[in-house]
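A.B. asks: The structure follows.
The values are calculated or read from the model by the stated rules, or taken from the named source; none is laboratory data. Model, not experiment: these values are computed from the prediction. With ideal geometry, Cβ positions are generated from the backbone for all residues, glycine too; neighbour counts draw on all protein chains shown. Ligands, DNA and RNA are excluded from the accessible area calculation, which covers all protein heavy atoms including side chains. Shrake-Rupley method; radii C 1.70, N 1.55, O 1.52, S 1.80 Å.
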Amino acid sequence: MNVPGICAVIGSGTMGPGIAALLARHGADVRLNDISREALDRAESACTAAAGALDQLGTPVTEGGSVSFELDAAAALDSAELVIEAVPEEIGLKRRVLEQIEAAVGTDVVIATNTSGIPISDMAAAMEHPQRLIGMHWSNPPHLIPMIEVIRGERTDSAVETATVAIVEALGYKAVMEKEVPGFVENRVLYAIMRECLSLLEQGVATQEDIDTCVKWGIGYKLAVIGPMRLLDMAGLDIYSSVSGYLNPDLSDEKGISPMVTKLTEQNRLGMKTGDGMYPYAEGEVAAKRTDILRGLVTVRKALSEITPV
Ligand SMILES: NC(=O)C1=CN([C@@H]2O[C@H](COP(=O)(O)OP(=O)(O)OC[C@H]3O[C@@H](n4cnc5c(N)ncnc54)[C@H](O)[C@@H]3O)[C@@H](O)[C@H]2O)C=CC1
Ligand SMILES: Cc1ncc(C=O)c(C(=O)O)c1O
């Protein structure tokens, strides 16, 4: 299975451009759609930056690929063989967009949603042909993180899952097939980590910088090589039993949103997108941080790929 010749990506914000750039790298004619002209204008430079990162990674170019930027959804969806939805994480909006997509493509076209964790069945409920909706959860940045969670809804055809896994693998990525639980695997683990880190920050146990240093070098570095299940065997399940016995009851069980994040959000301090969030950013610092992050991800992926082929 190759990457489909004509793909449409609906939603061109944080995720859409990187997804489009990777599909185009593999030879697809990609139509990137958004309701915002400004978003599409930003997307052009985002796609160029993503292509540059893929150059640094040494990802081969399959001839014939392209990205076009379409304000007209019908034009974006015309003759599409694969549609990836990447609009904001709001189920009502996603259902409306899925309805629009369904009306514009053939019943055999795979429709994938990049939802971070809304159960696929919940999104498919309003669809005329729910059997072709599948979860295709990319990780940010999508052109660099070579793992995509593939999640079936209750009514998703197995052939759609098979086709989606084949596309993921044709992109040179790992497909992780999962049952649909809210947040799937990646975000349940990530949000458990973030919940505990925010709790530690709110308690004054450590600063943002020290929490990031501890997690990057004590956990991220190790888990990139070992994986948590293997680490259990390495540490010893007896050790895990001893420690979790007293530690699990003490971990954060916050069921709501972190009070600190709520306060920052109310102040429109959203992070890099507003120049202030968990960290303040001086003039030009966001662009510099983004460049450093992309360079770091490329370097680490190259090193990791030498010991853990994607
Ligand atoms: N930001 C992240 O780190 C990740 C996000 N996701 C998921 O991907 C999806 C998109 O997330 P982001 O790219 O971060 O969102 P975003 O808010 O950055 O971008 C969404 C884009 O969709 C556009 N849009 C809104 N309504 C639309 C419509 N009816 N038709 C076409 N475009 C429309 C908006 O103008 C915006 O440009 C969400 O479901 C999110 O949970 C998944 C993985 C990572
Ligand atoms: C904070 C956060 N939330 C969701 C996702 C993915 O769905 C990510 C990510 O991919 O990195 C994230 O950082």
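A.B. asks: Where does the range 239-310 land on Rg/Rh, using Cα atoms and the Kirkwood Rh?
C.D. replies: Working: Rg = 18.8 Å, Rh = 16.1 Å.
For the range 239-310, the value is 1.17.
A.B. asks: Sort Val165, Val185 from largest to smallest accessible area, using a 1.4 Å probe on the heavy atoms of the protein chains. Could the numbers behind the result be given before it?
C.D. replies: Numbers: Val165 20, Val185 80 Å².
So the residues, ranked largest to smallest area, are Val185, Val165.
A.B. asks: Using a cut-off of 15 Å between beta-carbons, work out the net charge of the residues near Asp41 (Lys and Arg +1, Asp and Glu -1, Asp41 not included).
C.D. replies: On the way: positive: Arg37, Arg42; negative: Asp34, Glu38, Glu44, Glu70.
My count for the surroundings of Asp41 gives -2.
A.B. asks: Just by accessible area at a 1.4 angstrom probe, what is the order of Met234, Met272, Met123 from largest to smallest?
C.D. replies: Numbers: Met234 135, Met272 55, Met123 0 Å².
Output order, biggest surface exposure first: Met234, Met272, Met123.
A.B. asks: A further question on this structure: Given labels modelled 7 Å from the Cα in the Cβ direction, how far is it in nm from Asp233 to Ala103?
C.D. replies: About 5.3 nm separates the two model spin labels.
A.B. asks: Mean separation of Cα pairs under 8 Å and 6+ residues apart, divided by the residue count of the chain: what relative contact order is that in percent? Could you put the intermediate results ahead of the total?
C.D. replies: On the way: 452 pairs, mean separation 42.9, N = 310.
Relative contact order, the chain: 14 percent.
A.B. asks: Would you give the gap between the C-alpha center of the range 138-194 and the C-alpha center of the range 96-127, rounded to a whole Å?
C.D. replies: The distance from the Cα centre of the range 138-194 to that of the range 96-127 comes to 15 Å.
A.B. asks: Can you compute the equivalent ellipsoid semi-axes for the range 6-182, i.e. the square root of 5 times each eigenvalue of the Cα gyration tensor, sorted largest first and rounded to whole Å?
C.D. replies: Details: eigenvalues 108, 67, 42 Å².
Ellipsoid semi-axes (Å, largest first): 23, 18, 14.
A.B. asks: Checking a compactness column here: for the range 134-285, what do you get for Rg(Cα) / (2.2 N^0.38 Å), N being the number of residues? Please report the intermediate quantities before stating the final value.
C.D. replies: Values: Rg = 18.7 Å, N = 152, 2.2 N^0.38 = 14.8 Å.
Scaled against compact globular proteins, the figure is 1.26.
A.B. asks: Leaving out ligands, DNA and RNA, what percent of the accessible area of the range 235-278 is carbon and sulfur, probe 1.4 Å? Write down the numbers at each step before the final one.
C.D. replies: On the way: 1880 of 3280 Å².
Reported share for carbon and sulfur atoms: 57 percent.
A.B. asks: If you bin the C-alpha pair distances of the range 213-255 every 5 Å from 0, what whole percents do you get?
C.D. replies: 6, 20, 18, 23, 25, 8, 0
A.B. asks: Might you work out the accessible area of Asp157 for me, using a 1.4 Å probe with all protein chains in place, and round it to the nearest 10 Å²?
C.D. replies: Estimated to the nearest 10 Å², Asp157 gives 70 Å².
A.B. asks: Sum up the charges of everything whose Cβ sits under 14 Å from the Cβ of Trp217, counting Lys and Arg as +1 and Asp and Glu as -1, but leave Trp217 out.
C.D. replies: On the way: positive: Lys216, Lys222; negative: Glu209, Asp210, Asp212.
Summing Lys and Arg as +1 and Asp and Glu as -1 gives -1.
A.B. asks: Moving to a separate point now. If one takes the longest principal axis of the Cα atoms in the chain, at what angle in degrees, from 0 to 90 and to the nearest 10, does the Cα axis of helix 37-57 lie?
C.D. replies: Tilt of helix 37-57: around 70 degrees.
A.B. asks: Could you pull out the GluC sites (Glu not before Pro) across the range 4-83 that fall in loop regions by DSSP (anything but H, G, I, E, B) with no more than 10 other Cβ atoms inside 10 Å? Write down the numbers at each step before the final one.
C.D. replies: Numbers: sites: Glu38, Glu44, Glu63, Glu70, Glu81; in loops: Glu63, Glu81.
Passing sites in the range 4-83 are Glu63.
A.B. asks: Provide the three semi-axes, in whole Å and in decreasing order, of the ellipsoid equivalent to the chain as defined by the square roots of 5 times the Cα gyration tensor eigenvalues. Spell out each step's value before the answer.
C.D. replies: Working: eigenvalues 214, 105, 92 Å².
Largest first, the chain gives 33, 23, 21 Å.
A.B. asks: Follow-up. How much mean residue ellipticity at 222 nm does the chain get from its helices, if each DSSP H run of length 4 or more adds -39500 (n - 2.57) and you divide by all residues, to the nearest 500 deg cm²/dmol?
C.D. replies: On the way: 13 runs with 147 residues, N = 310.
For the chain, the value works out to -14500 deg cm²/dmol.
A.B. asks: Could you derive backbone 3J(HN,Hα) for the range 253-259 from the dihedral phi with the Karplus parameters 6.51, -1.76 and 1.60 (θ = phi - 60°), listing whole Hz in sequence and x where the residue is Gly or Pro?
C.D. replies: With the stated coefficients, the range 253-259 comes to 10, 3, 9, x, 8, 3, x Hz.
A.B. asks: For Asp253, Asp41, Asp29, what's the largest-to-smallest order of accessible area, 1.4 Å probe? List each step's numbers first, then the result.
C.D. replies: Details: Asp253 110, Asp41 85, Asp29 45 Å².
The ranking, largest first, comes out as Asp253, Asp41, Asp29.
A.B. asks: Something else about it: Would you list which aspartates and glutamates come within 18 Å of Lys216, measuring only between C-alpha atoms, while excluding same-chain residues fewer than 8 positions from it?
C.D. replies: Glu186, Glu196, Asp292
A.B. asks: As a test of the definition: which semi-axes, in Å, follow for the range 1-108 when you take the square root of five times each eigenvalue of its alpha carbon gyration tensor? Largest first, please.
C.D. replies: Numbers: eigenvalues 101, 54, 24 Å².
They are 22, 16, 11 Å, listed from largest to smallest.
A.B. asks: Output the relative contact order of the range 17-111, whole-number percent, from Cα pairs under 8 angstrom with separation of 6+ residues.
C.D. replies: Numbers: 118 pairs, mean separation 30.3, N = 95.
Reported as a whole number, the value is 32 percent.
A.B. asks: If the cut-off is a Cα-Cα distance under 29 Å, which lysines reach Lys222, setting aside same-chain residues fewer than 8 apart in sequence?
C.D. replies: Lys174, Lys179, Lys255, Lys289, Lys302
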